[in-house]
Every structure is written in structure tokens, then in C-alpha cells.
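Undergrad: Sending over a structure as C-alpha cells; questions will come in a sec.
The values are calculated or read from the model by the stated rules, or taken from the named source; none is laboratory data. Keep in mind it's a predicted model, so treat the numbers as computed, not measured. No Cβ is skipped: glycine too gets one built from the backbone with ideal geometry, and neighbour counts run over all protein chains shown. What goes into the accessible areas is simple: the full protein's heavy atoms, side chains included, and nothing from ligands, DNA or RNA. Shrake-Rupley method; radii C 1.70, N 1.55, O 1.52, S 1.80 Å.
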Amino acid sequence: MTTLRDHIIEHIHANGPMRIDEYMAMCLLHPTGGYYTTRDPFGAEGDFVTAPEISQMFGELIGLCLAQTWLSQGAPDRFTLAELGPGRGTLMADILRATRAVPGFVQAAQITLVEASASLRDVQRKALAGHAVHWCDSADALPDQPLYLIANEFFDALPIRQFLRDGTGWRERQVGVTDGALCFGLGPVLPQPAFADRLADTQDGDLIEDCAQLAPTVQAITARISAHGGTALIIDYGDWHSLGDTFQALRGHQSVDPLTAPGQCDLTAHVDFEKLALAAAPAQHSRITPQGVFLERLGITQRAQTLATTMTGKQLENHIAAHRRLTHPSEMGNLFKVIGLFPPTQSPPPGLDP
Ligand code: SAH
């Protein structure tokens, strides 16, 4: 059987070295050998655990944050409730359960999931049984109406390119083949007018990353939010203004070389929230806020205490550990950042500052 590695090696022999974004897209979403297309990677037995899989509190608080924003904006009677890259569907299921308490919200919501993987769409269909759910391939296809959207660990899966500074030019980092094995290499020095601004904050030998799908995806969201109302909460690894190599692979909860097992590990890169914010106009963006601070402001500790009253023993221990894992600065609390996108004349969603 031809593996994805064989396929990539053949492709490189036929076409020359492969850009990192091409390699990443193939590894994650190749129809028969891609990581997300062929498996359910989440949970303790999988390769990584995401916030909604750690505790129901994450999705409940996100749901109430979206519903409060919907109320503050006059409770439009028909809107899109969207998630980008919903994984197992756990986050959306928790959002829908928590917001049942908000009169009219779930009834007015048209649930739309942006998901590239057919096998994960099946998992999501089961998790959301009982709800009318639509799927689409990209944010461009979201309906033209008010949009309340969540994306957790979606943007870090969008393919990036990497460039190493050489004088006033740049060499693109590529994937090639040496002695039958995949290896990194560098392309020729070329001018890159699109990165003219990066000559000011980099030196020879510095590496920068560029995600071509970031701005168009953000613009598809903010076009709808500016025209019709709504909000977007984007949560991911990353920081304001990126610099350096953040391309990484995870397998069985361990960091591994991104070239060792194509299609069998998760590949990600940190999100540059500054670029994300710049693409948001004419919508406004909040300040980026650490996940731990955001969840504390939304009341995670009170929610944790309420849930804890019915728990004992191992279940209580796990619950306390989950609260810590989501919020503590040495765990996910600081590594993950939240940004809110919202209409020109409105205030940011609860938990976020203008
Ligand atoms: N949000 C989920 C899962 C994050 S993993 C959670 O928090 O648990 C990334 C998700 O994005 C997966 O569902 C994956 O299949 C999907 N995905 C990755 N790249 C995509 C793309 N280009 N278009 C649509 N979905 C994509």
C-alpha cells in the first residue's frame, strides 16, 4: 500500500522541494492519508487534549458569553451559531446545553459547522443528535446574517510558510528528500515585497511565518459581523506579533519531528494575533487576553464550585485538576489566548477588553 510518506516523496521527486504549507495541508487533510481525514485524534488515547475535552465548563462559559452578546445586541431572531473546526462536537454540544436556559437563543440559532474532515463530521453528527446542523467547507460559505462564532484550536491548523532572512531577501524553508528520507532545506534568496515590514523587526538568520488563509478567513467572518451583527471568539496558541519557528508536531501527547510520520501526527503553528486583528477591519477587535483570565472573568470558579457540590473522591479530584488545567498560567491559562471580534458600534463580548 502506498503511504502518505511514499506519496510525498514521489511528489518531491517529480516536482522538486515542497513548501511547508503544501506539506502541512497534505499531512492534515489528504483525502486518504491525512491526519484529520483518517482519525479521531482527541482525548487521553489520542494525540492531544483540547479545552472542551477537559471539562464541560469551557463550552458552557463560551455558550453563555455568546448568548449574553446576542442579548446585548437585541436578540436577532435568526442567526448563525457557527464553529470552525469542531473536532468531536463536544464544545458545540456544551454550548447548546448551557444556552437552553437563555429564552429564544437555541430556537433562533442556525447551527453551522465548518469542517474539512468527513470522518469528524460523522462524529459531530452523533454528538449533536437532536439538533438541525449544517456543515460547510469554509467560512466563505457561512450564511449572510448575524453570526455568533467560536473557533478553538482551528487557526493553528491552517498551513503556514516559513522564510529565513538573508540580507534584505528571504529563503523559503522547504521539505526535500535526502537518502530516501524527508528533510528540511532552504530555497534560493528572493526578495519578498509582501514582508517589507518585517525587515524592520528581524535580523539576518531570523525566521518568520506566514499563514495565507488567516486574513481571508477572518474577513469572511468580520464581513458578516459588521454588516449584520454578531461576534467571534477565537482561542488559540500564539501571541501578538510572531517571530521564530513555531511549526510543531504532536503524537501521543509528545512533541515529535514534523517530518517523521506524515499524516500520523498533528501539525500546528502558533497564531499571530496581530495579523488576525489587522484583518478584522471594519469590525473591531478586543485586546488579546490569556485564556485563564477570560475564563475567570466569565465565572469559571463559581461554576466549578457549583459542580463540585455533587462530586466526591476521584471525580472531584479530576474536576479540580480540570479547572486548574484550563486556567492556571503554568498550564493552558497563559499559553492560549482569546480575541473577540465585534461590530463597529458595539462593545466587546463579556470577559474581553476593548
Ligand atoms: N475545536 C476542536 C478541535 C480542534 S482540532 C476542539 O477544541 O476540540 C482542529 C479541527 O479543525 C478539526 O476538527 C479539523 O478537522 C478541523 N480542520 C483543520 N483544518 C481545517 C480546514 N482547513 N478547514 C476546515 N476544518 C479544518
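Undergrad: Looking only at region 51-75, filter to residues that are open to solvent by 30 Å² or more (accessible area, probe 1.4 Å) and over 24 Å from Leu158 (Cα atoms); which one of those is farthest from the ligand (Cβ to nearest atom)?
TA: It comes out as Gly74.
Undergrad: While we're on this one: Mind listing just one residue for me: the one in region 146-171 that is part of a strand (DSSP E or B) and open to solvent by 20 Å² or more (accessible area, probe 1.4 Å) and, of those, farthest from Leu199 (Cα to Cα)?
TA: So the first thing to find is which residues in region 146-171 are part of a strand (DSSP E or B), and the list is 147-152, 161-166, 169-171.
Imposing the further condition that a residue be open to solvent by 20 Å² or more (accessible area, probe 1.4 Å) reduces the set to 161, 164-166, 171.
Details: Arg161: 17, Leu164: 11, Arg165: 8, Asp166: 10, Arg171: 14 Å.
Filtering first and then ranking leaves Arg161.
Undergrad: Restricting to region 88-101, name every residue that is open to solvent by 10 Å² or more (accessible area, probe 1.4 Å) and in a loop (DSSP other than H, G, I, E, B).
TA: Arg88
Undergrad: Answer yes or no as to whether Gly43 is out of contact with any Leu (no Cβ under 9 Å at 6 or more places or on another chain) and within 12 Å of the ligand (Cβ to nearest atom).
TA: Details: out of contact with any Leu (no Cβ under 9 Å at 6 or more places or on another chain): yes; within 12 Å of the ligand (Cβ to nearest atom): yes.
It is true that Gly43 is out of contact with any Leu (no Cβ under 9 Å at 6 or more places or on another chain) and within 12 Å of the ligand (Cβ to nearest atom).
Undergrad: Determine, yes or no, whether Gly176 is in a strand (DSSP E or B), open to solvent by less than 40 Å² (accessible area, probe 1.4 Å), touching a Cys at 6+ places or on another chain (Cβ under 8 Å) and over 22 Å from Asp272 (Cβ atoms). Please lay out each step first, then the result.
TA: Values: in a strand (DSSP E or B): yes; open to solvent by less than 40 Å² (accessible area, probe 1.4 Å): yes; touching a Cys at 6+ places or on another chain (Cβ under 8 Å): yes; over 22 Å from Asp272 (Cβ atoms): yes.
When the stated conditions are applied, Gly176 passes them.
Undergrad: Please specify each residue of region 60-105 satisfying the condition of being in contact with a Pro (Cβ under 7 Å, 6 or more places away or on another chain) and closer than 30 Å to Thr38 by Cα.
TA: If the condition is that a residue be in contact with a Pro (Cβ under 7 Å, 6 or more places away or on another chain) and closer than 30 Å to Thr38 by Cα, then Thr80, Thr90, Leu91, Met92, Asp94 are the ones that fit.
Undergrad: Filter region 246-260 down to residues that are at pLDDT below 95 and in a loop (DSSP other than H, G, I, E, B) and give me whichever is surrounded by the most Cβ atoms within 10 Å (Cβ to Cβ).
TA: By that ranking, first place goes to Thr260.
Undergrad: Out of all the residues in region 102-132, which are open to solvent by less than 30 Å² (accessible area, probe 1.4 Å) and not small (Gly, Ala, Ser)?
TA: Kept after step one, since they are open to solvent by less than 30 Å² (accessible area, probe 1.4 Å), are these residues of region 102-132: 102, 105, 108-109, 111-115, 117, 120, 124, 128.
Matches in region 102-132: Val102, Phe105, Ile111, Thr112, Leu113, Val114, Glu115, Leu120, Gln124, Leu128.
Undergrad: Applying the selection to region 195-232, what residues are within 26 Å of Ala157 (Cα to Cα), of a type in the set (A, V, I, L, M) and modelled with pLDDT of 95 or more? Break it down into steps so the answer makes sense when it comes.
TA: Start the filter on region 195-232 by keeping residues that are within 26 Å of Ala157 (Cα to Cα), which leaves 195-198, 201-202, 205-226, 230-232.
Adding the requirement that they be of a type in the set (A, V, I, L, M) leaves 196, 207-208, 212, 214-215, 218, 220-221, 223, 225, 232.
Of everything in region 195-232, those that are within 26 Å of Ala157 (Cα to Cα), of a type in the set (A, V, I, L, M) and modelled with pLDDT of 95 or more turn out to be Leu207, Ile208, Ala212, Leu214, Ala215, Val218, Ala220, Ile221, Ala223, Ile225, Ala232.
Undergrad: Kindly list the number of the only condition in (1) at pLDDT 95 or above; (2) open to solvent by 10 Å² or more (accessible area, probe 1.4 Å); (3) not basic (Lys, Arg) that fails for Pro282.
TA: All conditions pass for Pro282, except number (1).
Undergrad: With the requirement that a residue be of a type outside the set (A, V, I, L, M) and open to solvent by 30 Å² or more (accessible area, probe 1.4 Å), what does region 1-20 give you?
TA: Taking region 1-20 and keeping what is of a type outside the set (A, V, I, L, M), we get 2-3, 5-7, 10-11, 13, 15-17, 19.
Listed by number, the residues that qualify are Thr2, Thr3, Arg5, Asp6, His7, Glu10, His11, His13, Asn15, Pro17, Arg19.
Undergrad: Could you please give the count of residues in region 120-145 that are touching a residue at least 60 places away in the same chain (Cβ under 8 Å) and either within 14 Å of the ligand (Cβ to nearest atom) or part of a helix (DSSP H, G or I) (or both)? Please lay out each step first, then the result.
TA: Start the filter on region 120-145 by keeping residues that are touching a residue at least 60 places away in the same chain (Cβ under 8 Å), which leaves 120, 123, 138-140, 142-145.
If we keep only those that are either within 14 Å of the ligand (Cβ to nearest atom) or part of a helix (DSSP H, G or I) (or both) too, we end up with 120, 123, 138-140, 142.
Residues meeting the conditions: 6.
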